[in-house]
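Have a look at the structure below before the remarks.
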Amino acid sequence: MKLFKNVLFFMVIVSLLVVPAIAKPINVKFSHVVAVETPKGKAAEYLKKLLEERTNGKIKMEVYPNASLYNDREAVEALKMNAIQLACPSFSKFTGFVPQLQLFDLPFLFDSTEHLHKYMDSEWGQKILKLVESKGLVGLAFWDNGFKVLSNNVRPIILPEDAKGIKFRIMSSKVLEEQFKAIGAIPHVLPFSEVYSALQQGVVDGAENPWSNFYTKKFYEVQKYLTVSYHGYLGYMLVTNKIFMKKLKKAGLDKVFLDAVKEATEYERKLAKELDEYYYNKVKEYGKIQIHVTTPEERKIWKKTMMAIYPKFYDVIGKEFIDAALNMK
């Protein structure tokens, strides 16, 4: 009997030691819609590396690029249900319940990347980041893609009036809709995954994209003219949900997760800047697109024309948010 008790005691001790070793890792699904070679795609892979290494495998992350799991709009809904744990949609996918995010779609609001980041990291930017919490989401960080250029198949666009009558693909955004109407163009909402075929088939004539999207999605194959306008910014919100964050906190992994997110954000922003120049040069090397770089004088005309839409969004976005950005040099 004594021997049996000793064996039983030994088995209990062993089981207690073994359970932690075979405990299941916390699985993280990260869905996004762009190519792996983009700043967001590379930063997602970098975040996966950081999390798996720093938690010794306690967190396992799967990345689904190119809308292979969900498009951005579906991803936001999947996040709410914890079907995925990370997404990084463009701001337009949140504006239905966080209209303040439309601020980042306003043309010519930011003079430089430094100006942009200063605002994002300020109390104003952080206020906007936290507004998604009303839907059970947790805003983690702002990620860059870059400033946008205009491309089309109709004619060279030098000044705003040259865009008259040209049909441009846009994300679902009232700001972008008004932006193109201000220059006489025709905005047409389409999912990002459909843009190449829409340009190829003439459903739309043109689009606005940062260099990384323009090159990695091979839009240069189906566009003739390009204007380096840098009129607007395309960025993303890295977001998770409260259910997942509670799970991480319970496992004592929330701090390592947030630290990894912070490092991945710094990496992503640096990469976005580097890849911007790299893909610009790749498009130039391609040699089959007529490229026009706006002069300072032309830029003033573009700025005056497009910024005329601002008052339409004072009530929606909040004039105080817009003024804070304009005054934060």
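The values are calculated or read from the model by the stated rules, or taken from the named source; none is laboratory data. Fair warning: this is a prediction, and the values are worked out from it, not measured in the lab. All Cβ positions, glycine included, derive from the backbone under ideal geometry; neighbour counts span all protein chains shown. To get the accessible areas, we keep the full protein, side chains included, count just its heavy atoms, and leave off ligands, DNA and RNA. Shrake-Rupley method; radii C 1.70, N 1.55, O 1.52, S 1.80 Å.
Quick notes on this structure:
- Hey, F147 open to solvent by less than 10 Å² (accessible area, probe 1.4 Å) and either more than 20 Å from the chain's Cα centre (by Cα) or closer than 30 Å to K270 by Cβ (or both) or not: no
- Among strands (runs of 3 or more DSSP E) entirely within segment 124-231, having at least 1 residues that are within 26 Å of A43 (Cβ to Cβ) singles out 137-147, 149-152, 167-170, 206-209, 225-228.
- Single unsatisfied condition, E52 versus (1) outside any helix (DSSP H, G or I); (2) without any contact (Cβ under 8 Å) to a residue 12 or more places away in the chain: (1)
- Checking V63 against (1) closer than 23 Å to G136 by Cα; (2) open to solvent by less than 50 Å² (accessible area, probe 1.4 Å); (3) assigned to a helix (DSSP H, G or I), the condition it does not meet: (3)
- Restricting segment 281-310 to residues that are within 26 Å of the chain's Cα centre (by Cα) and free of Cβ contacts under 8 Å to residues at least 40 places away in the same chain, the residue that is farthest from L131 (Cα to Cα): K284
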